[in-house]
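Beneath this line is the structure, given in structure tokens, with notes to follow.
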Amino acid sequence: MQSDSDQDLILRVAKGDRLAFRTLYARHNVRVFRFILRFIKDEGQAEDLIGEVFLDVWRQADRFEGRSSVSTWILGMARFKALSSLRKTTEAELDEEKAGAIADDADTPEVVAQKVDKAHAIRRCIDQLSPEHREIVDLVYYQEKSISEVAEIVQIPENTVKTRMFYARKRLQELMQSAGVDRGWP
């Protein structure tokens with residue numbers, strides 16, 4: 001049921017409700033997959049890890065304490081799985097051509113090409129940030145998490161998140177200027 005909140009769903013999952021689990025998975029699997037993919041840059045491995053994350057959600061739903069949103073709790077597990085995986089394997093490069101091929105149907109081909117070029121340039125600039133700053137930028141801008149949620153996921157104080165965000169934005173602005181990327185969108 002779409003009207004069920006994530007909180008309601010996780011309580012039902014804790015009681016073994018498979019339909020609630022499928023609903024929770026449907027709501028969050030794409031976001032979690034993209035989050036993991038930004039860490040490990042390997043689609044096959046990200047698919048494997050998303051399975052592990054949601055298996056843990058199924059097994060540990062009864063341990064959810066409600067101190068954060070369900071999505072924050074799931075992303076915290078995903079982050080742990082991705083970091084553990086990185087310790088075990090070497091990084092593979094994200095296929096930027098596949099990522100850039102996703103076009104907005106409402107835009108003209110020229111605008112799409114401009115957006116793709118700019119997105120590649122921005123991604124290259126983000127990739128030049130330190131791992132700590134990249135992670136904060138990803139969680140805030142791509143995962144749309146609040147400062148408190150980021151602090152919980154990364155397990156650092158909120159003020160540290162704010163400081164990292166400040167320096168990440170400052171460095172990103174410098175990198176974008178040196179790469180000739182303007183702030184506007186095509």
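Any idea of the accessible area per residue across the stretch 1-84, 1.4 Å probe, to the nearest Å²?
Result: 54 Å² of accessible area for each residue.
Might you work out the accessible area of residue 81 for me, using a 1.4 Å probe with all protein chains in place, and round it to the nearest 10 Å²?
Near enough 40 Å² of accessible area.
What part of the accessible area of the stretch 1-90, given as a whole %, is carbon or sulfur when the probe is 1.4 angstrom?
Roughly 49 percent of what the probe reaches on the stretch 1-90 is carbon or sulfur.
Restricting attention to the stretch 127-179, which GluC sites (Glu not before Pro) occupy a DSSP loop and are surrounded by at most 11 other Cβ atoms within 10 Å?
Listed in order of number, the matching sites are 144.
Beyond 22 Å, what percent of the Cα pairs of the stretch 1-85 remain?
The answer is 21 percent, as a whole percent.
Using 1/(1 + (r/R0)^6) with R0 = 30 angstrom and r between the beta carbons of residue 130 and residue 63, what's the FRET efficiency to the nearest 0.05?
Computed FRET efficiency for residue 130 and residue 63 comes out at 0.40.
Counting only protein heavy atoms, what percent of the accessible surface of the stretch 128-173 is carbon or sulfur at a 1.4 Å probe?
So the carbon and sulfur contribution to the accessible surface is 48 percent.
How much solvent-accessible surface does residue 58 expose, in Å² to the nearest 10, with a 1.4 Å probe and all protein chains in place?
80 Å²
The values are calculated or read from the model by the stated rules, or taken from the named source; none is laboratory data. Being a predicted model, the structure only gives us computed values, none of them experimental. Neighbour counts run over all protein chains shown; Cβ positions are idealised from the backbone, glycine included. Note: areas computed on protein heavy atoms with side chains; ligands, DNA, RNA excluded. Shrake-Rupley method; radii C 1.70, N 1.55, O 1.52, S 1.80 Å.
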